[in-house]
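Heads up: the structure comes next, in C-alpha cells.
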Amino acid sequence: MTTPRDNSYIWVTWITSLLAADKQCAWAAWFKAHHKDYEKPPSDFDLVGWTAVHGEMVRARAEELRAEGCAVFVEDQNWFSLKGRAATLGGKPDLVAIRDEQALVVDCKSGKQRNSDAFQVLTYMLVLPLTHEACRGITLAGEIQYKELRQPIEPTRLDDEMKGLIRATIERVGGPIEPPKVPSPSECRWCDVTTADCPERQEGQHTETTAEHDLF
C-alpha cells in the first residue's frame, strides 16, 4: 500500500536519467521521493545473473586498484545518506580507491553505455567529500567500468555549472511541488510506478501514424 514518506528521500539513480535528459518525466522520481511501499509492476529482470556479473566486475577492478597501491573501499563501505534541506540523498558507489592524496570513485556497468552513467558518477564525486572520511580534502576523479572499456571522468567535469544542475534536480525532485506527468510508451515501459498510482501510464510500444498529406 502506497505510504507517504515523512521526509523526501532520493536514491541517486532516480535522478541520473533526468540529469542526462534521457527521461522527461520528473514526476516518477518525485513520486518515489515522496512515497514508499508503492505497488510495482512484475519484472523478468534476471537479478541473480546481474548480481553475479556485476559482483565479478567489482571484484576484478578492486584487485587491479589494490595492485596499483590503492586503498580500496567496496560497495557497503561507501554507502551514504546525506540529509539536505530539500531531501535526503542516498547512494552506494561500487568502489572508492585512495592513493597519494587522490581519490577515484568507480561505478561498474554490465549493460550498455548510457548517458546517465556519467551523471551517476558525477553525483558521487559531489557527495563523497561530505560523506566518506577517506575522500575529505583530496582531489576526486571518477571512472565508469564497462565490460569492454573504461571511461574516465576528470575532476574538472564537476564544475560550478554541473554542481548547480545536480543541486537543482535534487531540489525539484525532493521539493513539495508535484511536477507534471509526462507519460510515453518508451518511458512508462521501464517505470516501476504502476497505474495504481499513475493512471496516465502508457503501456505498449509507439505506433506509427499513417495519414494522407502533402507535407513531404
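The values are calculated or read from the model by the stated rules, or taken from the named source; none is laboratory data. In this text, all values refer to a predicted model and were calculated from it rather than measured experimentally. Backbone-built Cβ (ideal geometry, glycine too); neighbour counts: all protein chains shown. Just the protein is used for accessible areas: all its heavy atoms, side chains included, with ligands, DNA and RNA removed. Shrake-Rupley method; radii C 1.70, N 1.55, O 1.52, S 1.80 Å.
Averaged over its residues, the chain has an accessible area of 60 Å² per residue, based on protein heavy atoms and a 1.4 Å probe. Remark: relative contact order (the range 112-216) = 16 percent; criterion is Cα-Cα distance under 8 angstrom and separation of 6 or more residues.
When Rg and Dmax of the Cα atoms in Å is calculated for this entry, the matching label among (1) 16.9, 48; (2) 19.3, 67; (3) 18.8, 61 is (2). Karplus-based coupling profile of the range 112-126, in residue order and whole Hz: 6, 5, 10, 4, 5, 4, 5, 5, 5, 5, 4, 5, 4, 4, 6, with θ = phi - 60° in 6.51 cos²θ - 1.76 cosθ + 1.60 and x standing for Gly or Pro. In this structure, the amide hydrogen of residue 11, modeled 1.01 Å from its nitrogen in the peptide plane, lies closer than 5 angstrom to those of 90, counting only residues at least 5 positions away or on a different chain.
Each residue of the range 21-37 is assigned a 3J(HN,Hα), and the resulting list reads 6, 6, 10, 10, 8, 5, 4, 4, 5, 4, 4, 5, 5, 10, 9, 9, 6 Hz, derived from the Karplus form 6.51 cos²θ - 1.76 cosθ + 1.60 (θ = phi - 60°), x at Gly and Pro. Remark: the range 122-191 carries a charge dipole of roughly 180 debye about the Cα centre, counting +1 on each Lys and Arg Cβ and -1 on each Asp and Glu Cβ.
Summing charges over all other residues whose Cβ lies under 14 Å from the Cβ of residue 104, with Lys and Arg as +1 and Asp and Glu as -1, gives -3.
Taking each of 40/163; 40/181; 36/83; 32/181; 36/109 in turn, the alpha-carbon distance tops 22 angstrom for 40/163; 36/109.
If Lys and Arg each add +1 and Asp and Glu each add -1, what is the summed charge of the other residues whose beta carbon sits under 13 Å from the beta carbon of residue 26? Once all neighbours under 13 Å are counted, the net charge is 0. Straight Cα distances below 13 angstrom link residue 23 to the aspartates and glutamates 187, with same-chain residues fewer than 8 positions distant left out. Sorting the segments 88-99, 162-173, 141-152 by their mean number of nearby beta carbons within 10 angstrom, highest to lowest, gives 88-99, 162-173, 141-152.
Taking label positions 7 Å along the Cα-Cβ direction at both residue 50 and residue 102, the computed distance is 3.3 nm, reported to one decimal. Estimated at 0.36 nm per residue, the fully extended path between residue 160 and residue 110 surpasses their Cα-Cα distance by 15.0 nm. A viscosity of 1.306 mPa s and a temperature of 10 °C, combined with the Kirkwood radius over Cα pairs in Stokes-Einstein, give a translational diffusion coefficient for the range 61-126 of 122 µm²/s. Judged by the mean number of other Cβ atoms found within 10 Å, the most tightly packed of the peptides 123-129, 8-14 leads the ranking 123-129, 8-14. On full extension, the segment bounded by residue 216 and residue 146 gains 21.0 nm, given 0.36 nm per residue less the C-alpha separation.
Please compute the contact order of the chain in relative form: average sequence separation of alpha-carbon pairs under 8 Å and at least six residues apart, divided by the residue count, as a percent. 25 percent. Close amide H pairs (under 5 Å, H built 1.01 Å from N) link residue 153 with 142, 143, 144, residues at least 5 positions away or on another chain. When Rg and the Kirkwood Rh are both derived from Cα coordinates, the Rg/Rh ratio for the range 10-65 amounts to 1.10. Projected label points at residue 139 and residue 37, each 7 Å from Cα along the beta carbon direction, are separated by 4.9 nanometres.
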